[in-house]
Amino acid sequence: MARWQKSEPTFSATREVVIGLSIYAIYMLVRKAVVTEAGEARALDNARAVVDVERRVGIHVEPEIQRAMLPYPRILNIMSVAYAALNVGLTVGWLARMFHKRDRRYAELRRATAYATLGALPFFLYFPCAPPRKLDHIVDTIADVSGIDLESPLLSRFYIPIAAMPSIHVTYAVVTGLGMAQTSPSSAIRRLGRLYTPLVAFIVFATGNHYILDGVLGAAIGWITLRLARLSPRRAGAR
């Protein structure tokens, strides 16, 4: 009588590179479709609509979070650098570490990251949304405090600058934080993994890059894709 068994994980660097580049290629196709003059105008309208919704339900607290941090430019500078580089870098880096260690949970976390990225793309395509820092009442701390111009032609060609909804940073933080909490041999890293998602959420709000609603939706996508990723491929075997 047959029974279902979990397949043993396989590790192929070539396959992982192909998967990563394929997802990024799809991401860039979405960028090409939405980053137009009309798309940017629509993104500003959508951003104002998000603010209106937040104000109606009483959760538009991003300006207050930012005002509380503006007296501390050094901390904001660290946050801005973390937003610009460290979040995605840590996600990729942690997956690379798990792959190098041949951690059997690698495939689950990689699938969750891939599903999360693909799951966010329809929002980016059909609801382009400018980040809060593009609005008059929010400070662009990355440019004004840290001197990093994310809108420069060199940098902006590699990402979608009107993809605030959902926060893919928070989505990745949910997936990566769980990976850190569950797979690190270090108790300190495991504790950091449990705190990582709220830390990233605070950073994206304080630096004017995402709205509260972005963070909530990003976290939801992260949790949903983690659940989907746990439905690992199975194969039949003989009893």
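Ordering Ala82, Phe123, Leu95 by the projection of their Cα atoms onto the charge dipole of the stretch 75-130, which places +1 on the Cβ of Lys and Arg and -1 on the Cβ of Asp and Glu, puts Leu95 at the extreme positive end.
Place a +1 charge on the Cβ of each Lys and Arg in the stretch 37-232 and a -1 charge on the Cβ of each Asp and Glu, then give the dipole magnitude about the Cα centre in debye, rounded to the nearest 20. Intermediate values should be presented prior to the final figure.
On the way: 21 positive and 15 negative charges, 258 e Å.
It comes to approximately 1240 debye.
Add +1 for every Lys or Arg and -1 for every Asp or Glu among the other residues with Cβ under 10 Å from the Cβ of Ile212, and state the total. Walk me through the numbers before you get to the answer.
On the way: positive: none; negative: Glu54, Glu62, Asp214.
My count for the surroundings of Ile212 gives -3.
Net charge in the neighbourhood of Leu226 (other residues with Cβ under 11 Å of its Cβ; Lys, Arg +1, Asp, Glu -1) is +2.
Taking amide H as placed 1.01 Å from N in the peptide plane, the amide H of Cys129 sits under 5 Å from that of Ala163, Ala164, Met165, each at least 5 places away or on another chain.
Mind giving me the FRET efficiency for Glu37 and Ile65? R0 is 25 Å, r the Cβ-Cβ distance, nearest 0.05 is fine. Write out the running numbers ahead of the final one.
Working: r = 31 Å, r/R0 = 1.26.
Approximately 0.20, to the nearest 0.05.
Using a Gaussian network model of the chain with C-alpha springs under 10 Å, which one of Thr183, Thr91, Thr225 is most mobile by mean-square fluctuation? Looking only at Thr183, Thr91, Thr225, the largest GNM fluctuation is found for Thr183. So the label point goes 7 Å from the Cα of Met28 along Cα→C-beta, right? Which residues of the stretch 140-163 then have their backbone N under 12 Å from it? It comes to 157-159, nothing else.
Distance from the Cα centroid of the stretch 182-217 to that of the stretch 111-167 is 17 Å (rounded to whole angstrom). Translational diffusion of the chain, estimated by Stokes-Einstein from the Kirkwood radius over alpha carbon pairs at 25 °C in a medium of 0.890 mPa s, is 129 µm² per second. Placing dummy labels 7 Å off each Cα toward the beta-carbon, the span from Arg104 to Phe11 is 1.4 nm.
Using helices alone, I'd like the mean residue ellipticity at 222 nm for the chain: each DSSP H run of four-plus residues gives -39500 (n - 2.57), total over residue count, nearest 500.
On the way: 11 runs with 157 residues, N = 239.
For the chain, the value works out to -21500 deg cm²/dmol.
Relative protection proxy for 118-129, 58-69, from highest mean packing down: 118-129, 58-69 (other beta-carbon atoms within 10 angstrom). For the residues Arg15, Arg133, Arg157, a GNM of the chain with alpha-carbon springs under 10 Å puts the largest fluctuation on Arg15. Taking label positions 7 Å along the Cα-Cβ direction at both Phe202 and Glu54, the computed distance is 1.8 nm, reported to one decimal.
Rule-based calculations on the coordinates, nothing more; no lab input. As the structure is a computational prediction, the values presented were derived from the model and not from experiment. So basically every Cβ, Gly included, is an ideal-geometry build from the backbone, and we count neighbours across all protein chains shown.
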